[in-house]
Amino acid sequence: MTVPDTQTPSTRAVDGVVWDFGNVLIRWDPLPAIAAGVGDADARGFLESYDFGSWNYAQDAGRTWAQALTVLEEEAPEWLAAGAAYVDNFPLSLLGPVPGTHELVRELAAAGLPQLGLTNWSAELYPHAPATYDVIELLRDVVVSGEVRLAKPDPAIYRLVAERAGMPLERLAFIDDSVANVAAAAAAGMQAIQFTGAEQLRRDLVALGLPLQP
């Protein structure tokens, strides 16, 4: 149930909400996707011995997966099959909704509050998200890092989402599980919230004057 929207935009601390996706709206873990192709032991070996985070981040920032696999073949050919398995089985890395956050999106949408997405996600693999999670349809726009070739915590991507929202940075609440991304958003002027769970997030958003049931 949503509460009546008794506060006007001018009396709220913010006028819109910007959502990260991975492990805020959508549970994500690369292990099941990789294991589907090479087995659990090799999947864990790949994630533990190779810098998967940096390698994957380059795709989030605009590198293609073909280029990524070429880099992997050059740097660590023993893990090429594992990297290819991640791409081939990517939907298995999406483990369902993060408990409680889709309900928050729906409540805010019902109250008419503008919401956007800001996700570090490769352009090639992002279509799996809206195809699987209909809550994304409730967002007025989504800035996908791989599409714009900018990735959090680059300050430019926060300015871009504010431009897409048509609001000043300081009038937007930003929610992300990454400490670095939250710090960068705060430095840019956003009302930045580190996500630790839906119950705490609800309290944080209510404290900003947003139309949610406490």
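The values are calculated or read from the model by the stated rules, or taken from the named source; none is laboratory data. Keep in mind the model is a prediction, meaning the values are calculated, not measured. All Cβ positions, even for glycine, are placed from backbone atoms using ideal geometry, and neighbour counts span all protein chains on display. For accessibility, only protein heavy atoms count, side chains too; no ligands or nucleic acids. Shrake-Rupley method; radii C 1.70, N 1.55, O 1.52, S 1.80 Å.
Reported to the nearest whole Å, the Cα centre-to-centre distance from the stretch 17-57 to the stretch 148-183 is 23. Once you order the gyration tensor axes a ≥ b ≥ c over the Cα atoms, which shape class does the stretch 124-212 get: rounded for a/c under 1.5, otherwise prolate or oblate by comparing a/b with b/c? Judged from the Cα gyration tensor, the stretch 124-212 comes out oblate (a/c at least 1.5, b/c at or above a/b).
For the stretch 133-214, what is the accessible area per residue in Å² when the probe is 1.4 Å?
That works out to 46 Å² for each residue.
Based on protein heavy atoms only, the stretch 10-103 ends up with 43 Å² per residue of surface accessible to a 1.4 Å probe. Taken along the Cα-to-beta-carbon direction at a fixed 7 Å, the label points for residue 64 and residue 124 span 0.8 nm. With all protein chains in place and a 1.4 Å probe, the accessible surface of the chain carries 53 percent carbon and sulfur. Based on DSSP H segments of at least four residues, each scored -39500 (n - 2.57), the chain has a per-residue ellipticity at 222 nm of -13000 deg cm²/dmol.
Specify whether the C-alpha gyration tensor of the stretch 159-210 places it in the rounded, prolate or oblate class, a ≥ b ≥ c being the square roots of the eigenvalues: rounded for a/c under 1.5, otherwise prolate if a/b is larger than b/c and oblate if not.
Verdict is oblate for the stretch 159-210.
Using a Förster distance of 22 angstrom, determine the FRET efficiency expected from the C-beta separation of residue 207 and residue 180, and round it to 0.05. About 0.40, to the nearest 0.05. Please state the shape class of the chain: rounded when a/c is under 1.5, otherwise prolate if a/b exceeds b/c and oblate if not, all from the C-alpha gyration tensor. Prolate shape, in that a/c is at least 1.5 and a/b is the bigger ratio.
Here the chain is assigned +1 on the Cβ of each Lys and Arg and -1 on the Cβ of each Asp and Glu. Its dipole about the Cα centre then comes out at about 800 debye. Projecting the Cα positions of 90, 207, 23 onto the charge dipole of the chain (unit charges on Cβ atoms of Lys, Arg, Asp and Glu, taken about the Cα centre) puts 207 furthest along the positive direction.
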